[in-house]
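The values are calculated or read from the model by the stated rules, or taken from the named source; none is laboratory data. The shown structure was predicted, so the numbers you read here are calculated from the model rather than taken from an experiment. Cβ atoms come from the backbone with ideal geometry, glycine included; neighbour counts cover every protein chain shown.
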Amino acid sequence: MSIFLQACVNGLLIGGFYSLMGMGQNVIFGVMKIVNFCHGEMLMVGMYLTLLLSTHLGLDPYACVPLVAILMFLLGALIQHTLITPSLRTNSFTNLLFLTVGMGMLLSNLALVLFGSEYRTIPTSYSQTYITLGPVNLSLPRLISFGVLIVISIALFAFLKYTTTGKQIRAVSQNPVGAEVVGINAKRIYILTYGLGTALAGVAGALLTGFYTIFPTAGSAFGFRALIVVVVGGLGSIPGAFFAGIFLGILETMVALFISPSYSDLIVFVTFIVILVVRQLIIIRRK
Amino acid sequence: MNNNVKAVRAYRRNLSIALGLILLVFVLIPVFVKSPYVLNVFVLIFYMSTLSMAWNLLGGMTGQNSLGHAAYMGLGAYASCLLITKAGANPWLSALFAMVAVGLVAGVIFYPCFILRGPYFTLVSIAFGEAMRQFIINSSFFGRASGVGLPFGKDSLLDFRFMSKVPYYYVGLVMLLGIYLLMKKIERSRMGYALRTIREDEDAAAAIGINPTKYKVMAVVVSAMVAALVGFFYASYIRYIDPELMVQAKSTESVLPAVVGGAAYVEGPLVGGLIMIPLSEFLRAHFSAMLPGINMLMYAVVLITVIRFRPTGILGWYMHSKAKDFIDVKVLKKPPIEVLEAVELEKNRGKEA
């Protein structure tokens, strides 16, 4: 029983990261209808940024989070402005897809060129600290990260729901032409959304560094799970993405516990295909 | 009218001579080039371009962006390798079996997935590739993560086993040409028109009586079969395969020649492959010892640059460039388009009568 509870909690803690990644992907996909295939690589960039900031400025990994968010927002805005917005005009889904795929290749190989393939960690005084709650052991860095990402999720939800800019983002995602008609600058919203999505991925990376190793392809597993979260949680739904991420995290740890850890990836991918097809079948039936 | 016919015939003859000369150069390369390294680069060009053509049938022609082609290639490689090592089958027969098996698997798995459109198909193809890789890693029958090796031995055409790279060069060239002609045939057939209609507008295609699901399944089956053939070729050439063959990055690599060359053209993957693969190999050979990853980094830079500034690919740019006009008019003596159409019309009228 205590193993089961422990697995549940571990799934919850890692699932939070899938949620955060999924929310970023969700905002981008919702607004521009493009799948951001370099989302995982953005998480990896966030990790290396945290590594640089903490080794050169001596900052605590968690103190780097706001800085990483700002830098990643700027990176995302730059990519959107120079590459994606001009390519949106060609209206070719293939080109947009491979633009983000190429961006992902560029970033992960740039990291390989700059930092090599070694696995790195950021040692902290509290990285091996555990808190015991009844039958469950909680790693302190994981707990702090989870707390921070809950706060970010709520802030994002509130931002999209209540602020003017958030309302503009939702307007563009529902109807880009209609939004332009009522005077919303869609290009500005595109830059803002892509920056926001990238910043969320970067923050997820920064929060991971407390207990995860940093290497050039660290992001790919998270990148694909973010796509699963978007599809399962539903487009444009921030709470949906949140719960889908948690569900995915718990599913993974449950498979690892009851079947075998080496099967968890296989089960996740197969579940994803099944959910995707069943969901589409339901949509067709309703019509 | 007679002059027109003559002009068109002369143009066709010039075109055949030009294409024949290019082919002759490729046939003669192993006679003059003895360096195994250079020959290896050519073999790489041949099979990667073939794989990219397989992708292009589904991605460029049908508009279904698959990111799982390394999985079909890997499955083809595994199916043929296991038949050779476990059942002692002849490699050529095993290739045939691998193609049929992978085609069937792809058809059965993607049949329900084709109700999904746009990015959803891409996501399923990635998930399928990863699921297959994880399945092989976890299956002792498939040799888990350590892979499967093919037996070494004396040179033999029957066993498709050679010490020298020259036979692989010619088999690879024949495979490339064969698949190219097949793709050209498909492009001009009823299926090709149906696929391009589906790419432009699926609902419109359905409205004029094209069954989108049927044609998409046909495209995915043919595409997977070609990829499986490439997998067989790869396994026979390298003589060792492991699940790393099926990683996501390999699927992306198989798409690049098509997108850089021009995904709207059957020749796109050939042009892209001829440019990208020597570039990548050059960078790998000269820089990767100092800076690992530099070749893929350059690959990515070229990809992004082409998409950003030449969205129709290198071939798309060439098709509308002055260079093509010059070659057409001055070298090949291409008659004006009106003359070509008039002759074509005359020929068709003759057929009907």
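Looking at region A:31-121, what helices (runs of 4 or more DSSP H) fall wholly within it and have at least 2 residues that are more than 10 Å from chain B (Cβ to nearest Cβ) and in contact with a Gly (Cβ under 9 Å, 6 or more places away or on another chain)? Step through it out loud before you land on a result.
Working: elements: A:39-56, A:65-79, A:85-88, A:93-115.
Answer list for region A:31-121: A:39-56, A:65-79.
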Restricting to region B:77-89, and then to whatever is out of contact with any helix residue (DSSP H, G or I) (no Cβ under 8 Å at 6 or more places or on another chain) and not small (Gly, Ala, Ser), can you tell me which residue is surrounded by the fewest Cβ atoms within 10 Å (Cβ to Cβ)? B:LYS86
What residue, among those in region B:295-325 that are within 14 Å of chain A (Cβ to nearest Cβ) and among the hydroxyl-bearing types (Ser, Thr, Tyr), is surrounded by the fewest Cβ atoms within 10 Å (Cβ to Cβ)? B:THR305
Whether any residue in region A:123-130 is away from every other protein chain (no Cβ under 14 Å) and assigned to a strand (DSSP E or B) is what I want to check. yes
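In contact with a helix residue (DSSP H, G or I) (Cβ under 6 Å, 6 or more places away or on another chain) and more than 10 Å from every other protein chain (Cβ to nearest Cβ): does that describe B:TYR180?
Considered against the rule, which asks whether it is in contact with a helix residue (DSSP H, G or I) (Cβ under 6 Å, 6 or more places away or on another chain) and more than 10 Å from every other protein chain (Cβ to nearest Cβ), B:TYR180 comes out as no.
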When restricted to B:SER251, B:SER236, B:SER223, the only residue touching a strand residue (DSSP E or B) at 6+ places or on another chain (Cβ under 8 Å), buried (at least 23 other Cβ atoms within 10 Å of the Cβ) and not aromatic (Phe, Trp, Tyr) is B:SER236
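Can you tell me which of A:LEU266, A:LEU276 is at pLDDT 85 or above, under 19 Å from B:PHE128 (Cβ atoms) and surrounded by fewer than 23 Cβ atoms within 10 Å (Cβ to Cβ)?
Exactly one of A:LEU266, A:LEU276 is at pLDDT 85 or above, under 19 Å from B:PHE128 (Cβ atoms) and surrounded by fewer than 23 Cβ atoms within 10 Å (Cβ to Cβ), namely A:LEU266.
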Restricting attention to region B:252-301, the residues that are at pLDDT 85 or above and among the aromatic types (Phe, Trp, Tyr) number exactly 2
Does any residue of region B:107-115 turn out to be at pLDDT 85 or above, under 21 Å from the mean Cα position of the chain (by Cα) and surrounded by fewer than 24 Cβ atoms within 10 Å (Cβ to Cβ)? yes
So, of the residues in region A:132-167 that are in contact with a Leu (Cβ under 7 Å, 6 or more places away or on another chain) and outside any helix (DSSP H, G or I), which turns out to be surrounded by the fewest Cβ atoms within 10 Å (Cβ to Cβ)? A:PRO135
